[in-house]
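The values are calculated or read from the model by the stated rules, or taken from the named source; none is laboratory data. Just so it is clear, the model here is predicted, and its values are computed rather than measured. For neighbour counting, all protein chains shown are included, and Cβ atoms are generated from backbone atoms with ideal geometry for every residue, glycine included.
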Amino acid sequence: MKEAPKLNIIKSQKLFDEATGLVPGGVLGARKPTDFIRGEYPIFFDSGKGCRLIDVDGNEFIDFLCGYGPIILGYREGEVDEAVYEQITGKGFCFTLTQKYQNILAKKLTQLVPSSELSIFLKTGSDATTASIRIARAHTNKLKVMRCGYHGWHDWCVEMKGGIPSKFYEDVFEFRYNSLDQLEKLMDTHGAETAAIIMTPFGHPNHEKMEIPKPGFLEGVRDIADRYRAVLVYDEIRTGFRLSMGGGQELYGVVPDLTVLGKAMANGYPISVVTGKKDIMMAAAHRLFISSTFFPNSDGFVAALKTIEILERDNVLENIWEKGERFIGRIKTLIDKYDVGAELTGVAPMFYITFEKDETGAYKEKRKDFYIQLIRKGFFFSPFHHAYISFRHTEEDLELTLRAVDECLAFVKEKYA
Ligand SMILES: Cc1ncc(COP(=O)(O)O)c(C=O)c1O
């Protein structure tokens with residue numbers, strides 16, 4: 001099997017070299033070359049439309065990262081962008097006081113998200129997860145937190161602890177997705193002082209295989225939260241408006257007390273929300289200060305309202321599930337055919353191709369080769385993050401991708417035979 005030629009990423013590299021003198025590390029967080037494969041992936045994009053991206057060197061990709069989650073429709077989705085443009089030019093979006101869109105969006109959420117009664121709107125997922133913990137602590141007058149999943153970059157939950165006094169996270173304990181025993185044990189010890197259990201309703205731990213809930217897991221966590229009077233928070237930043245309009249809680253039928261949403265809600269515009277049961281949310285009305293200059297800006301609200309309108313009108317999530325089921329089914333068939341240790345986990349709207357770990361670490365080389373061939377052929381996946389499917393992936397885009405996956409697996413098979 002012929003090796004795909006290396007991409008020309010000279011302009012990306014040049015911009016990155018320049019950036020290292022302007023921004024610590026050149027680019028932030030999971031945008032670093034080390035979060036992909038150094039020397040193989042572009043570092044700067046120029047533009048995107050639908051499900052396609054063009055980097056600064058002119059390479060074109062069919063994209064499966066969707067901006068790390070917010071792109072549910074597609075890049076440069078005309079109707080959403082126009083609604084925002086009209087708002088900005090016709091009315092304005094940054095004022096001292098609130099515009100009416102807050103109420104409209106809050107009402108809409110009560111119709112769509114099972115746990116939604118009252119809502120507070122913020123900008124980022126980290127804003128929202130942090131606000132949910134503050135609300136839970138104020139409501140319960142308790143301190144400790146059990147957590148499961150990535151919840152953003154703030155002091156209480158970020159994985160890299162540099163620059164954070166340990167007292168900011170020493171009351172926060174982590175449990176594994178689908179491990180009810182582990183949570184039960186933690187709560188045996190800390191339950192009486194636990195304010196919140198925050199978790200993703202669907203298992204998408206960083207860099208790890210994805211997990212659907214084992215029978216009884218979500219119900220078991222709900223039961224533990226109730227027994228200890230802890231607030232159950234679902235972090236639906238990735239799953240909201242993606243697994244279903246009501247998120248993982250609607251799909252799996254277990255309702256939390258509070259929910260945090262962001263990413264796909266507004267197809268890329270910055271807005272997030274904590275939404276939940278009135279008696280708990282009311283702690284935020286008088287006893288907490290949750291406010292920020294940009295929180296009420298209406299560009300995000302208008303984008304969210306238009307995105308939700310399109311999601312409902314065009315049955316977007318049904319479309320993604322349908323084509324996605326066929327797509328991941330066929331990838332699984334290819335994985336079986338080549339038998340190189342690749343695995344596909346997750347569900348149609350969000351899935352991940354990983355390589356079975358082995359003691360020698362050979363799986364890392366196979367993974368590297370597989371993803372290098374994919375990016376060289378023009379398919380933007382990440383070895384270290386799961387993939388998403390958007391509305392704008394056409395059957396033809398998915399066919400092209402399947403052909404490439406077939407060739408990349410064949411390449412790995414031949415190289416490691
Ligand atoms: C599940 C989850 N929670 C919280 C966050 C933090 O969101 P943000 O990056 O918008 O601060 C993320 C971001 O990836 C996420 O995936």
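Worth pointing out:
- Any pair with Cβ under 8 angstrom, 6 or more apart, that starts in region 146-161 at a residue that is under 21 Å from TYR68 (Cα atoms) and ends at one that is near the ligand (Cβ under 8 Å from one of its atoms) and part of a strand (DSSP E or B): GLY149/ASP235; HIS151/ASP235
- Lone unmet requirement of (1) farther than 24 Å from GLN111 by Cβ; (2) more than 16 Å from the ligand (Cβ to nearest atom) for PHE294: (2)
- Among residues of region 265-321, those that are aromatic (Phe, Trp, Tyr) and either outside the structural domain of LEU112 (by TED's automatic domain parsing) or touching a His at 6+ places or on another chain (Cβ under 8 Å) (or both), counted: 1
- The residues in region 185-207 that are under 28 Å from PHE355 (Cβ atoms) and either free of Cβ contacts under 8 Å to residues at least 40 places away in the same chain or not in a loop (DSSP other than H, G, I, E, B) (or both) can be counted, and the count is 2.
- One residue stands out in region 223-248 among those that are more than 18 Å from MET146 (Cα to Cα) and within 14 Å of the ligand (Cβ to nearest atom): the one that is surrounded by the most Cβ atoms within 10 Å (Cβ to Cβ), namely GLY240.
- Restricting region 344-391 to residues that are touching a His at 6+ places or on another chain (Cβ under 7 Å), assigned to a strand (DSSP E or B) and of a type in the set (A, V, I, L, M, F, W, C), the residue that is farthest from GLU236 (Cα to Cα): PHE351
- Residue satisfying all of: in region 145-171; away from the ligand (no atom under 15 Å from the Cβ) and of a type in the set (A, V, I, L, M); nearest to VAL221 (Cα to Cα) among these: MET146
- Where a residue in region 216-228 is more than 9 Å from ASN178 (Cα to Cα) and its partner, wherever it lies, is in a helix (DSSP H, G or I) and among the small types (Gly, Ala, Ser), with Cβ under 9 Å and at least six apart: ILE224/GLY191; ARG227/GLY191; TYR228/GLY191; TYR228/ALA192
- Among the numbered conditions (1) in contact with a helix residue (DSSP H, G or I) (Cβ under 6 Å, 6 or more places away or on another chain); (2) within 16 Å of the ligand (Cβ to nearest atom); (3) over 21 Å from GLY346 (Cα atoms), the only one that GLU174 does not meet is (1).
- Pairs where the first residue, in region 115-142, is under 19 Å from TYR228 (Cβ atoms) and the second is at pLDDT 95 or above and within 10 Å of the ligand (Cβ to nearest atom), C-beta under 7 Å, 6+ apart: SER132/ILE198; SER132/VAL260; ILE133/ILE198
- Applying the condition of being charged (D, E, K, R) and not in a helix (DSSP H, G or I) to region 267-302 and asking which residue is surrounded by the fewest Cβ atoms within 10 Å (Cβ to Cβ) yields ARG287.
- Filter result for TYR68 (assigned by TED's automatic domain parsing to the domain that holds ALA304 and within 23 Å of THR307 (Cβ to Cβ)): no
- Test for GLY220: is it touching a Pro at 6+ places or on another chain (Cβ under 8 Å) and either surrounded by fewer than 20 Cβ atoms within 10 Å (Cβ to Cβ) or part of a helix (DSSP H, G or I) (or both): no
- Filtered residues of region 58-93 (kept if acidic (Asp, Glu) and either more than 25 Å from ARG403 (Cβ to Cβ) or buried (at least 18 other Cβ atoms within 10 Å of the Cβ) (or both)): ASP63, GLU77, GLU79, ASP81, GLU82, GLU86
- Positions within region 229-238 being within 21 Å of the chain's Cα centre (by Cα), outside any strand (DSSP E or B) and either within 30 Å of ASN141 (Cβ to Cβ) or without any contact (Cβ under 8 Å) to a residue 24 or more places away in the chain (or both), in sequence order: GLU236, ILE237
- Hits in region 122-144 (condition: within 14 Å of the ligand (Cβ to nearest atom), buried (at least 24 other Cβ atoms within 10 Å of the Cβ) and either of a type in the set (A, V, I, L, M, F, W, C) or at pLDDT below 95 (or both)): LEU122, ALA128, ILE133
- Within region 4-25, the residues that satisfy the criterion of being assigned to a loop (DSSP other than H, G, I, E, B) and either within 23 Å of VAL405 (Cβ to Cβ) or out of contact with any Lys or Arg (no Cβ under 7 Å at 6 or more places or on another chain) (or both) are ALA4, PRO5, LYS6, LEU7, ASN8, ILE9, GLY21, LEU22, VAL23, PRO24.
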